[in-house]
Amino acid sequence: LSNRRLLLTLHFIASYSFFIFFVPVVLKVMNLFTYLLGALLGVGLTIVIAYWLFRRNVFENSTKLKRSLLPVAVLFLLVNIFYWQNWIPPVPLAMKDAGIYHNVHKEKDGFVVRYRRPAWYRPLTHDDRPFAYSETDSVFCFVSVFAPTNLEKKILHHWQHYNDQKREWQTTDRLGYVLTGGREGGYRGYTYKRHVSPGDWRVDVVTEDGQLLGRINFEIEPVSEPVNEWNIEFK
């Protein structure tokens, strides 16, 4: 508790986390400006408090003040690198639930999803991964995203297939819907695709600015006959 360097670092984490969440909620928009404003407010508040402590002789000299702020600067740089590289989600949005299904349809109070009944030795399976695909099937991707009150953002599903010859992921479709925030259980939506080829697939859930919320990996396995044993859940 007497380590001033640690206390300033912890204060920065708390204030940074708060402002990058708080600013988009207050302004009711999420973009580069709101993120940068929240980030600068977070680090700025920490610097102001450090200077206030320095003026009250908590730090013996300016050199010790700068040394105490050095971890804050390093952490600020690292968090921004992680953010721009899509290694952390674009706060305040966060993916809460996602799955691949044979069918998804909307009802009054939510969505009904249908997936192949899993084998007895896979009791924790709650979607169609791997996906047993016949020519008459469509592949549905269902996602639930947390968004704060009155925050509106467009969400895109990038359907990608792995090309074994080129050894790279290739985007086949970019399908989207508008997400309006405020529901505690997460805002939900789905996209679907027909006429898919066997192999490795994934769906990147991204914002319209290209920020990655999450990724769903799955495999498509061809079958000769359609699946006829189902589990049905309400989401």
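The values are calculated or read from the model by the stated rules, or taken from the named source; none is laboratory data. The shown structure was predicted, so the numbers you read here are calculated from the model rather than taken from an experiment. Backbone-built Cβ (ideal geometry, glycine too); neighbour counts: all protein chains shown. For the accessible areas, the whole protein counts, side chains as well, though only heavy atoms, and no ligand, DNA or RNA atoms are used. Shrake-Rupley method; radii C 1.70, N 1.55, O 1.52, S 1.80 Å.
Using each residue's phi in segment 35-45, evaluate 6.51 cos²θ - 1.76 cosθ + 1.60 at θ = phi - 60° and report the 3J(HN,Hα) Karplus result to the nearest Hz, with x for Gly and Pro.
5, 4, 4, x, 5, 5, 5, x, 6, x, 4
Give me the percent of the accessible area of segment 13-89 that comes from carbon and sulfur atoms, probe 1.4 Å, all protein chains in place.
Carbon and sulfur: 73 percent of the exposed surface of segment 13-89.
Please give the charge dipole size of segment 166-214, origin at the Cα centre, charges +1 on K and R Cβ atoms and -1 on D and E Cβ atoms. Round to the nearest 20 debye.
240
Which value, in Å³ per residue, describes the convex hull spanned by the Cα atoms of segment 109-226?
It comes to 132 Å³ per residue, whole-number rounded.
Please list, in chain and number order, the residues 5+ apart from residue 97 or on another chain whose amide H is under 5 Å from its amide H, with Hs placed from the backbone.
Residues meeting the criterion, in which the H sits 1.01 Å from N, are 144.
Only Cα pairs under 8 Å and at least 6 apart count here; give the relative contact order of segment 92-163 as a rounded whole percent.
44
In a Gaussian network model over the chain where Cα atoms closer than 10 Å are linked, find which of 143, 104, 48 has the largest mean-square fluctuation.
Result for the chain, Cα springs under 10 Å: 48 fluctuates most.
Restricting things to Cα coordinates, could you compute the convex hull volume per residue of segment 168-233 in Å³?
136
Ignoring ligands, DNA and RNA, what accessible area per residue does the chain give at 1.4 Å, in Å²?
59
Please compute P(r) over all alpha-carbon pairs of the chain, binned at 10 Å starting from zero, and give each bin as a whole-number percent.
Once binned at 10 Å, the Cα pair distances of the chain give 7, 26, 25, 19, 13, 7, 3, 0.
Restricting to lysines 8 or more places apart or on different chains, can you count the pairs in the chain with Cα atoms under 29 Å from each other?
Step by step, the pairs that qualify in the chain add up to 26.
If you count the DSSP beta bridges with both ends in the chain, what percent of them are antiparallel, to the nearest 5?
Antiparallel bridges: around 95 percent, rounded to the nearest 5.
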